[in-house]
Amino acid sequence: MPPTVTPIADSAIERILFVTAHPDDLDFGAAGTIAQWTDMGIEVSYCVATNGDQGGVDPSVSRAQMPKIRQQEQRDAGKVVGVSDIHFLNYVDGHLEPTIELRKEIVRVIRKVRPQRMVIQNPERNWDRIFSSHPDHMAAGEAAMQAVYPDAGNPFAFEDLLQSEGLEPWTVQEVWVMSPNVVNHFVDITKTMERKLQAIKSHVSQTAHSAEIDDRIREWGTRNAEAQGLPEGSYAETFRVVVTA
């Protein structure tokens with residue numbers, strides 16, 4: 001079990017940055033929580049590493065068209081939960097690796113957004129739920145964590161970001177890992193579940209063919225809530241909070 005961690009109070013947070021591999025990842029993982037944060041007045045930004053061109057099931061849609069479709073879907077989903085600041089890094093879907101180049105690009109976004117809290121994907125393989133361990137997800141999680149430490153707060157890491165772009169070092173105070181192998185924090189999203197579903201279904205190319213998408217998302221949220229001892233009829237999203245400052 002991870003040590004008990006008390007997250008920074010939401011009231012003390014001004015800006016939060018999400019880093020994920022694909023358009024739609026953060027909506028499946030945390031859209032209910034995002035809606036609550038933006039309702040409180042917290043500024044939430046997204047950084048999406050790949051262009052999502054391997055997604056979708058419609059053979060009539062070319063791979064060249066898919067990135068534009070998926071980026072617009074992510075913008076539409078962002079509107080549902082109050083997010084408009086979205087950074088697309090445009091790496092090829094399915095080819096993501098935790099490279100120095102990717103780390104640098106994430107550091108650039110961190111220094112622009114200057115978040116007190118970041119939310120990332122799980123960099124560890126989950127042998128019990130293998131479909132949640134897409135290689136791109138793990139690569140995005142690993143690169144994001146490396147960008148937080150040691151790079152973003154170090155003036156001697158990627159010095160050109162400071163010298164040429166004027167991006168001052170920034171220390172992220174805590175990181176929340178979505179869908180972790182071991183949970184040490186949860187958010188009750190019962191009141192924002194409908195917005196989570198709406199955000200997910202904004203990714204039309206990924207979800208329109210799935211008639212059972214609502215039931216599946218509700219089932220996941222119910223399972224999370226039951227594991228955390230919430231009342232019947234509740235939904236939750238789960239995280240592992242890591243202190244980074």
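Quick note: the coordinates plus some simple rules give every number you see, no bench work behind them. Because the structure is a prediction, the values reported are computed rather than measured. So basically every Cβ, Gly included, is an ideal-geometry build from the backbone, and we count neighbours across all protein chains shown.
Looking at the structure I just gave you, is MET145 closer than 18 Å to GLY29 by Cβ, out of contact with any Lys or Arg (no Cβ under 7 Å at 6 or more places or on another chain) and not in a helix (DSSP H, G or I)?
no
Of the residues ASP214, ASP151, ASP188, only one is within 20 Å of PRO23 (Cα to Cα), charged (D, E, K, R) and surrounded by 14 or more Cβ atoms within 10 Å (Cβ to Cβ); which?
ASP214 is the lone residue from the list that is within 20 Å of PRO23 (Cα to Cα), charged (D, E, K, R) and surrounded by 14 or more Cβ atoms within 10 Å (Cβ to Cβ).
Answer with yes or no whether ILE110 is out of contact with any Ser or Thr (no Cβ under 9 Å at 6 or more places or on another chain), crowded, with 18+ Cβ neighbours inside 10 Å and touching a residue at least 60 places away in the same chain (Cβ under 8 Å). It would help to see each step written out before you state the result.
Numbers: out of contact with any Ser or Thr (no Cβ under 9 Å at 6 or more places or on another chain): yes; crowded, with 18+ Cβ neighbours inside 10 Å: yes; touching a residue at least 60 places away in the same chain (Cβ under 8 Å): yes.
In short, yes.
Run SER205 past the list (1) buried (at least 16 other Cβ atoms within 10 Å of the Cβ); (2) under 14 Å from GLY32 (Cβ atoms); (3) not hydrophobic (A, V, I, L, M, F, W, C) and report the number of the one that doesn't hold.
The single condition SER205 does not satisfy is (2).
Could you give me the residue pairs with C-beta distances under 6 Å whose first residue belongs to segment 165-189 and is outside any loop (DSSP other than H, G, I, E, B), whose second residue is among the acidic types (Asp, Glu) wherever it lies, and which are 6+ apart or on separate chains?
VAL187/GLU237
Within segment 167-177, can one find any residue that is closer than 30 Å to ILE69 by Cβ, buried (at least 16 other Cβ atoms within 10 Å of the Cβ) and either of a type in the set (Gly, Ala, Ser) or more than 16 Å from the chain's Cα centre (by Cα) (or both)?
No, segment 167-177 has no match at all.
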